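The values are calculated or read from the model by the stated rules, or taken from the named source; none is laboratory data. Quick caveat, the model's predicted, so the values are computed rather than measured. Note: ideal-geometry Cβ built from the backbone for every residue, glycine included; neighbour counts use all protein chains shown.
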Amino acid sequence: MNLYFQFFIQDHTKAALELLRLPSLLFAPGAQRGKVKVSGGGHRSQMIFATIDSLTSRLAKRRWNQCEVIYDLPRVRIGKAKARVKIMNGVFTPPPSFDLWFPSEEFHVTGRASMHRQSNAFASEQGFRGLEIKRVPCVFEAALEMECPESLREQVLDHVAERLASVLSADGLGLEVFGCCDAGDRDLFVRLESNVLMIEHIRVRARISPEIYPKLEEKFVGLHPIMFGRKQACAGLVAELGKPARLLPVTGSSEVAVVRLGPDYSLSEVVEVVERARTWLWPTIK
């Protein structure tokens with residue numbers, strides 16, 4: 001069983017790097033070591049880190065366009081369920097307005113691979129400027145592969161929702177994060193500089209038109225087993241759906257909450273369910 005998270009933040013400063021703490025905070029607070037792969041200026045590099053602090057510090061001192069963090073962790077048990085995390089990694093993709101963005105015109109092109117990276121960066125910049133979008137969220141996608149019987153899926157998701165409510169508190173991460181979590185098989189994964197076709201149907205930014213990006217946190221894109229963000233949107237969605245939708249307020253914060261949808265809502269495209277939740281869902285691209 002794999003879990004696939006999408007964490008979004010509208011902050012384009014170095015503070016957004018705090019998102020890189022989330023996987024370890026959720027599943028292995030004591031596990032901070034790992035390696036990071038960075039793509040910037042047309043080239044890829046790799047380095048190891050001993051703490052999350054050292055990781056964010058090093059990333060904050062350079063310019064780049066995307067990074068992948070591979071967390072080195074012991075096999076972590078998930079709540080009371082006999083589920084253990086085996087692999088945990090995440091890919092951070094910022095918009096061109098990010099403080100640390102490496103502009104395409106300054107790339108050092110030495111071959112086909114670096115030319116391709118420059119073209120991708122240029123396309124992102126042109127799209128951002130051409131549409132005159134002032135707020136495009138940073139996105140941190142995280143994938144976890146676990147040893148877990150299918151019968152424990154709902155129990156694991158319950159635990160994850162409760163952990164999120166704790167981690168997103170003012171005493172925890174302290175960022176205005178919003179997003180969702182999905183569960184599935186090993187086709188839910190992320191990699192640096194890759195487009196995983198198997199997750200396109202649940203990838204939030206791929207399913208909406210760009211003009212929605214600046215206000216993305218005001219509603220949700222489709223229904224997911226776990227969703228989190230502004231309390232108003234979370235409470236409104238739960239009120240529309242009723243049972244088995246459950247609201248988990250975040251401790252110490254009046255503005256953030258977590259929504260846990262039970263198995264009856266596991267199929268997010270069921271017409272009648274989506275119609276009931278329409279007030280709190282953005283229209284998607286078909």
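For beta carbons closer than 6 Å, sequence separation of 6+ or different chains, a first residue in the stretch 2-27 that is under 17 Å from SER166 (Cα atoms) and a second that is of a type in the set (Gly, Ala, Ser) and at pLDDT below 90, the qualifying pairs are SER24/ALA31. For the stretch 186-202, a residue qualifies if it is within 20 Å of TYR71 (Cα to Cα) and among the charged types (D, E, K, R), and the qualifying residues are ARG186, ASP187, ARG191, GLU193. Could you tell me whether any residue of the stretch 113-129 is surrounded by fewer than 13 Cβ atoms within 10 Å (Cβ to Cβ), of a type outside the set (Phe, Trp, Tyr) and part of a loop (DSSP other than H, G, I, E, B)? Within the stretch 113-129 (the criterion being surrounded by fewer than 13 Cβ atoms within 10 Å (Cβ to Cβ), of a type outside the set (Phe, Trp, Tyr) and part of a loop (DSSP other than H, G, I, E, B)), the answer is no, since none of the residues qualifies.
The number of residues in the stretch 21-32 that are crowded, with 17+ Cβ neighbours inside 10 Å and more than 17 Å from the chain's Cα centre (by Cα) comes to 3. For first residues located in the stretch 52-75 and under 18 Å from LEU100 (Cα atoms), partners that are among the acidic types (Asp, Glu) and lie 6+ apart or on another chain with Cβ distances below 8 Å form the pairs THR56/GLU18; GLN66/GLU193. Among the candidates GLU218, GLU240, GLU255, the residue that is more than 30 Å from SER45 (Cα to Cα) and either among the polar types (S, T, N, Q) or loosely packed, with under 13 Cβ neighbours inside 10 Å (or both) is uniquely GLU255.
Taken as a whole, the structure places VAL160 among residues that are modelled with pLDDT of 90 or more and within 23 Å of LEU20 (Cα to Cα). Can you say whether GLU162 is in contact with a strand residue (DSSP E or B) (Cβ under 9 Å, 6 or more places away or on another chain), surrounded by fewer than 21 Cβ atoms within 10 Å (Cβ to Cβ) and assigned to a loop (DSSP other than H, G, I, E, B), as far as the supplied structure shows? No; evaluated as a whole, the condition is false for this residue. When MET227 is tested against (1) at pLDDT below 95; (2) part of a strand (DSSP E or B), only condition (1) is not met.
So, ARG246, is that one among the basic types (Lys, Arg), at pLDDT 90 or above, in contact with a strand residue (DSSP E or B) (Cβ under 9 Å, 6 or more places away or on another chain) and in a loop (DSSP other than H, G, I, E, B) or not? In short, no. May I ask you to verify whether LEU267 is buried (at least 21 other Cβ atoms within 10 Å of the Cβ) and either modelled with pLDDT under 90 or part of a loop (DSSP other than H, G, I, E, B) (or both)? The answer is no for LEU267.
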